[in-house]
Amino acid sequence: MAVQVSYPGVYIDEFSPGAPIEGVGTNTAAFIGVAGSGPINKPTLIQSWDAFVATFGGFIAEQPGSFLAPAVYGFFLNGGTRCYIARVGTGVMAFEALDSRQEGGSPDPALMVRALQEGPAGNSISVDVADSSRLTRLLAKAGETDTDLALAYAATDITALAADRSALTVANNQGFAADDRLLLTNAAGDATAAAIVKSIVDSDKLQLVAAVAGSEDFTGGTVRIADPATGQRGLRLKVPTGVRLTQALPRGAQIEISRGETNEILTVDSSGGDRITLVNGLTNTYDMSDNANLPRVASLEFDLSITDAGSAASESFAELSMNPRHPNYWRAIIASALVTVEEPPSPPSPMPADTRPAAASYNLSGGTADDRAAAWSAIAAAPDTYLNQLKAYDDIALVSVPGATDPAVQQAVIAHCEAMYDRFAILDSIKGAAPGNGIRDQFADVRSAKGFAALYYPWILARNPLTGKDEYWPPSGHVTGIYARTDAQRGVHKAPANTNIKGALGVERRLTNEEQGPLNLEGINVIRVFPGQSQPVVWGARTTAGDLDRNWQYVNIRRLFLYLEESIQSGIRWAVFEPNNLQLWQKLKRSISEFLTRVWRDGALFGATAEEAFFVRIDEALNPASTQALGRLYIEVGVRPTYPAEFIILKIGIWHGGSQISES
């Protein structure tokens, strides 16, 4: 709001700048491969090697299915901190559906139970469902023998009806309470009226909410709590001392109201004191005329017991509810080490009144072992199936399928990164590829002008902790860890090169300078072991753009632009649907310029001043009235990235120096 000026002086007018742009993360990786165990076809966030072992089982012996574990091991060893694991497998978890309480035929399931680990071992798991009652347990704890609660009841004689018919004098008002619905009957028993208690006065007065309708004189008649009627949502119960209704019948509790053959199942919306309020009104009317046979309320929960006959492990979860508002909602309570419990794809139809699974014993079946060779072949046959699973995870910045050197797989990974436009692919060379046409032929299959990938050659030598033997591993996992570490320590603008590969003992093939030269110029990143050193070094920072587009030939340049683009895109999302006017343009220009200034100060952009390092343009030349009428706003940003000093040329010549002596 503009400041209203009236007197001479200095005025302050605050403005709201655009939200500052925060840089997005660039060091979260995603690995696709075969593992010993763990979730199948569901990307899972892992933040340590120990977590990978606990979830996916660590190293396995088979080749080529063992490449995932070495890659993740190398990732964390070299500085990685976060990665998603998309495990591909053919194993099936043992499974069983818990029946619903639908009547007749084969009921739709109420819940689905699946073994946590795939394989035939899950076939030894059984699940027992038993009916239970939270209310019954708390009554017993309070020393009561009843398993349910009766509705509150009170009756007495009417000794007088006030002249304005808004109060009753009764023989004894004990047992009545405010808000009770009343039934008045005259002395002859041939006339009735309804009333609601407003308050209890002394020991013989019932003050009413409204005057009793009609002109009938109920003096000498009787008054009692009225029958719960169709549509009524509030009920008062006879609650023993020591029982708290908020605990015994909490919100979300499924209850059964019954009297004789009349009954129905409803859900508690709220409870407190001696009253409950139902989500929906009663569908029946319940007779309260017989004090010895009052309607009663029971709670309906269930117990789940899980037993694994193979390992003798067992678990139990008591007094569960199917209602999410209940404190013992099954999804919030069940934390099983043996199974997962899930909702069915669609709820039972029609939905039974009692939503609990049917009380019975169930045996899981159908568990089959994982065929890892078949799973590895499935990646090569349909890589997009597994890459598409990563699309929903926006924080992924690096993608690798360790050991997968099939051209179709590597091309699919590159296409995935190009389509997502926020991630970069790290590719492995073919094992045993020669430094001549062998690796060049592979590179020809993955060249892409956009530069969304990098290829590393050759494989590295490492010691397998499982076998204690030295073996050759694809380098992508270790290199991905170097990317993550470099991003965290120096920034995405620093080329992830000229750094040792931790955990690597050697390389499959040692290359000379002359052998690396042409490979580097083409865009193949070579891993070297230099004379006098023992640990391999990443000695290349080129993308697979090669000579197709020199703008994107360096890994750090391509990844810097991905970082800038995604950060700005995310940081200015607030401006969508804002008025497209000069004020918006100024806010956006300030926000983007402030962000790029921080990037320049971090050393990612070249220039003695910020003005030399970047520009942000939002003006009417870019956004004429015709463009604004289409709801569009164009912003032009130019940056001058810092390129890596890949070639350092040192010129040395003979200097005929002299000497000079002076006295002071």
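Just so you know, all these numbers are worked out from the coordinates, no wet-lab data involved. Treat the numbers as computed from the prediction; the structure is a model and nothing was measured. Cβ sites come from the backbone with ideal geometry, for glycine too, and all protein chains shown count toward neighbours.
A few remarks follow.
- Rounded to the nearest 0.05, the FRET efficiency derived from the C-beta distance between GLU471 and ALA380 at R0 = 25 Å is 0.70.
- Note that the stretch 538-664 shows a convex hull volume over its alpha carbon atoms of 249 Å³ per residue.
- The string of couplings for the stretch 255-262 from the Karplus curve (6.51, -1.76, 1.60, θ = phi - 60°) is 10, 10, 9, 8, 8, x, 8, 8 Hz, one whole number per residue in order, with x for Gly and Pro.
- Inter-label distance, nm, simple model (7 Å from Cα along the C-beta direction), GLN583/ASN513: 6.4
- Rounded to the nearest 500, the helix-only mean residue ellipticity at 222 nm of the chain stands at -6000 deg cm²/dmol, with each DSSP H run of n ≥ 4 adding -39,500 (n - 2.57).
- Here the label points at GLU144 and ALA337, each 7 Å from Cα along the C-beta direction, are separated by 3.7 nm in the simple model.
- On the beta carbon distance between ILE648 and PHE615, with R0 = 35 Å, the FRET formula returns roughly 0.70.
- Global geometry of the stretch 101-234, whether rounded, prolate or oblate, following the gyration tensor of its Cα atoms and the 1.5 cut on a/c: prolate
- Only helices reaching 27 angstrom along their own axis (Cα) with mean Kyte-Doolittle hydropathy no lower than -0.5 count here, and for the DSSP H runs of the chain these are 582-601.
- Rounded to the nearest Hz, the phi-derived 3J(HN,Hα) couplings of the stretch 167-178 under the Karplus curve 6.51 cos²θ - 1.76 cosθ + 1.60 (θ = phi - 60°) are 8, 10, 9, 10, 5, 7, 8, 5, x, 8, 8, 4, where x marks glycine and proline.
- If you sort the three axes of the alpha carbon gyration tensor as a ≥ b ≥ c, you get a/c of 1.5 or more for the stretch 536-578 and a/b no higher than b/c, which makes it oblate.
- Each of ASP179, ASP354, ASP370 was scored by other Cβ atoms within 10 Å of its Cβ. Arranged with the fewest first, they read ASP179, ASP354, ASP370.
- Positive-pole candidate from THR230, PRO458, SER567, dipole of the chain, charges at beta carbon: PRO458
- Whole-percent P(r), the stretch 152-227, all Cα pairs, 5 Å bins from 0: 4, 19, 34, 30, 12, 2.
- Database remark: amide H of ALA382 closer than 5 angstrom to no amide H (H placed geometrically; neighbours at sequence offset of 5 or more, or on other chains; Pro and chain starts carry no H).
- Working from Cα pairs under 8 Å separated by at least six residues, relative contact order for the chain is 16 percent.
- Cα-based shape type of the stretch 231-297, given that a ≥ b ≥ c are square roots of the gyration tensor eigenvalues and the cut on a/c is 1.5: oblate
- From the alpha carbon centroid of the stretch 519-563 to that of the stretch 296-330 is 57 Å.
- Hz values of 3J(HN,Hα) by residue in the stretch 233-249 - Karplus curve (6.51, -1.76, 1.60), Gly and Pro given as x: 10, x, 9, 10, 10, 8, 9, x, 4, x, 10, 9, 5, 5, 8, 6, 10
- Of LYS431/LYS494; LYS391/LYS589; LYS469/LYS502; LYS141/LYS238, pairs whose Cα-Cα distance is over 20 Å: LYS431/LYS494; LYS391/LYS589
- Positive-end residue of THR219, LEU596, VAL243, charge dipole of the chain with Cβ unit charges: LEU596
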